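A.B. asks: Let me begin by handing over the structure; questions about it come next.
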Amino acid sequence: MNYIVFDLEWNQSPKGKEGAVDSLPFEIIEIGAVKLDENFRQTDEFHQLISPEVYPQLHYKISEVTHLDMEVLKRQGIAFPEAVCRFLAWCGEDYTFVTWGSMDLTELQRNMTYYKMSIPFPMPFLYYDLQKLYGLLYCQESKDKLSLDQAVEAMAIEVEADRPFHHAMDDAYYTGKVMKVMEFHRVKAFLSMDYYRIPQRPEEEITLEFPGYTKFVSREFSSKEEALTDKRVTDVICPRCRRMLRKKIRWFAANPRLYVCLTVCPEHGLVRGKIRIKKAESGGVFAVRTTKFTDEEGAAAIAQKRDEVKLRRTEKNKQKRQAKKQARSRKKEGGGEKCSATAG
């Protein structure tokens with residue numbers, strides 16, 4: 001089995017949203033990849049420039065960061081469908097994708113859909129997000145995600161003069177270097193799932209098991225409200241014994257797209273539930289529910305968060321009532337003044 005460590009560069013409308021194509025906000029202009037064996041030794045590399053068709057002018061920020069030139073892209077690049085076919089043929093049969101961040105695979109599939117190409121990847125589409133895994137290993141105290149160049153510096157990896165950052169080939173090369181020197185075996189079980197394609201029917205819904213927690217990915221719903229009334233979304237199951245759990249703290253909204261609950265398993269203890277509502281490509285929504293063991297400290301934090309949400313809701317409702325009362329008073333006073341003026 002090989003690891004395909006790859007990176008993309010893409011262009012966007014130089015006019016911003018006004019000139020953007022809704023179905024293709026980012027047009028891929030470069031693919032770079034390295035192939036690593038099971039011991040993280042590089043065995044091959046792939047590089048291809050792509051001639052743009054949707055946005056024939058480079059956005060100034062893209063030009064600044066990548067130092068790519070439109071004339072070079074047109075002269076050396078090939079059409080996107082041909083580039084992808086070459087890339088996938090180079091990948092071979094038995095491989096797992098590795099990226100730095102979560103956007104590359106989504107944008108690859110979005111570009112393929114735009115060009116009406118069939119998507120050959122499995123469902124669920126699992127890959128390694130090395131940025132996330134690096135954070136799990138070395139940045140647990142911080143919520144900030146390290147950039148690739150920061151990770152390269154932190155791991156004391158030599159930056160080669162002829163390999164600058166922000167080129168697809170070179171970023172893939174350095175991502176592979178980071179993968180080789182980090183303690184990958186400690187986080188190998190934590191694959192990520194790409195959400196460009198999601199389940200459409202109940203029988204397609206996905207449950208993934210990881211050490212200490214499970215993840216459930218629902219089918220698409222027309223609205224958040226519809227998703228939150230579905231028991232397959234809101235039921236919580238013990239990650240270890242798979243029994244249905246009683247809720248100690250019912251689902252509450254920590255923010256408009258995040259819901260939290262606390263449940264208890266008689267055999268294995270406290271389990272935290274989280275539901276994230278995500279927007280689907282077609283305009284609907286889907287739910288990603290994670291269930292994870294917690295302790296008394298974690299349970300207390302959930303209870304505190306619930307109480308804070310209740311307090312904010314109470315204060316907000318109080319302000320609304322006061323505002324309505326003041327509006328009625330102003331209306332009444334205005335009506336009285338009008339009657340007095342008429343009587344005079």
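A.B. asks: Rounded to the nearest Å, what's the spacing between the alpha carbon centres of region 27-85 and region 237-293? Just the number, please.
C.D. replies: That distance is 40 Å.
A.B. asks: With a/c under 1.5 counting as rounded, go ahead and sort region 140-247 into rounded, prolate or oblate using the C-alpha gyration tensor (a ≥ b ≥ c being the square roots of the eigenvalues; past the cut-off, prolate if a/b is larger than b/c, else oblate).
C.D. replies: Since a/c reaches 1.5 and a/b is larger than b/c, the shape of region 140-247 is classed as prolate.
A.B. asks: Quick one: accessible area per residue over the chain, 1.4 Å probe, rounded to a whole number of Å²?
C.D. replies: Heavy-atom accessible area per residue stands at 56 Å².
A.B. asks: Now for a different question. Which of the pairs LYS292/LYS320; LYS61/LYS305; LYS15/LYS74; LYS224/LYS247; LYS215/LYS318 have their Cα atoms more than 31 Å apart in this structure? Walk me through the intermediate numbers first.
C.D. replies: Details: LYS292/LYS320 37 Å; LYS61/LYS305 40 Å; LYS15/LYS74 20 Å; LYS224/LYS247 21 Å; LYS215/LYS318 38 Å.
From LYS292/LYS320; LYS61/LYS305; LYS15/LYS74; LYS224/LYS247; LYS215/LYS318, over 31 Å: LYS292/LYS320; LYS61/LYS305; LYS215/LYS318.
A.B. asks: Show me the ranking of peptides 152-160, 319-327 by mean Cβ neighbours inside 10 Å, starting with the highest.
C.D. replies: The packing order, highest mean first, is 152-160, 319-327.
A.B. asks: Just to confirm the number: angle between the C-alpha axis of helix 80-91 and the first principal axis of the chain, 0 to 90 degrees, nearest 10?
C.D. replies: 70 degrees
A.B. asks: So what are the radius of gyration and Dmax for the Cα set of the chain, in Å?
C.D. replies: In Å, with Rg to one decimal and Dmax whole: 25.7, 96.
A.B. asks: Would you mind checking the tilt of helix 104-114 against the longest principal axis of the Cα atoms of the chain, expressed as 0 to 90 degrees and rounded to 10?
C.D. replies: Around 90 degrees separate the two axes.
A.B. asks: Expressed as a fraction of 2.2 N^0.38 Å, the rule-of-thumb size for a compact globular protein of N residues, what is the C-alpha radius of gyration of region 185-242?
C.D. replies: It is 1.27.
A.B. asks: In degrees, nearest 10, range 0 to 90: what is the angle between the Cα axis of helix 296-343 and the longest Cα principal axis of the chain?
C.D. replies: The two axes meet at around 50 degrees.
A.B. asks: Rg/Rh for region 107-180 to two decimals, with Rh computed the Kirkwood way over all alpha-carbon pairs.
C.D. replies: Ratio of gyration radius to Kirkwood radius for region 107-180: 1.06.
A.B. asks: Let me ask something else about it. Once amide H atoms are placed 1.01 Å from N in the peptide plane, what residues at a sequence separation of 5 or more from ILE29, or on another chain, have their amide H within under 5 Å of its amide H?
C.D. replies: Excluding prolines and chain starts, which carry no amide H, the hits are GLU9, TRP10, ASN11.
A.B. asks: For the chain, which whole percent of the accessible surface, found with a 1.4 angstrom probe, sits on carbon and sulfur atoms?
C.D. replies: Ligands and nucleic acids excluded, carbon and sulfur give 49 percent.
A.B. asks: With a sphere of radius 13 Å drawn around the Cβ of GLU38, what net charge do the other residues whose Cβ falls strictly inside it have (Lys, Arg +1; Asp, Glu -1)?
C.D. replies: Summing Lys/Arg as +1 and Asp/Glu as -1 gives +2.
A.B. asks: Now for a separate question. Quick one: 3J(HN,Hα) in Hz for region 8-22, Karplus 6.51/-1.76/1.60 with θ = phi - 60°, rounded, Gly and Pro as x.
C.D. replies: Karplus-based 3J(HN,Hα) across region 8-22 equals 10, 10, 9, 10, 9, 4, x, 8, x, 4, 4, x, 7, 8, 4 Hz.
The values are calculated or read from the model by the stated rules, or taken from the named source; none is laboratory data. As the structure is a prediction and not an experimental result, all values here were calculated from the model. Because the Cβ atoms are built from the backbone with ideal geometry, glycine has one as well, and the counts that use them run over all protein chains shown. Calculation scope for accessible area: heavy atoms of the full protein, side chains included, ligands and nucleic acids excluded. Shrake-Rupley method; radii C 1.70, N 1.55, O 1.52, S 1.80 Å.
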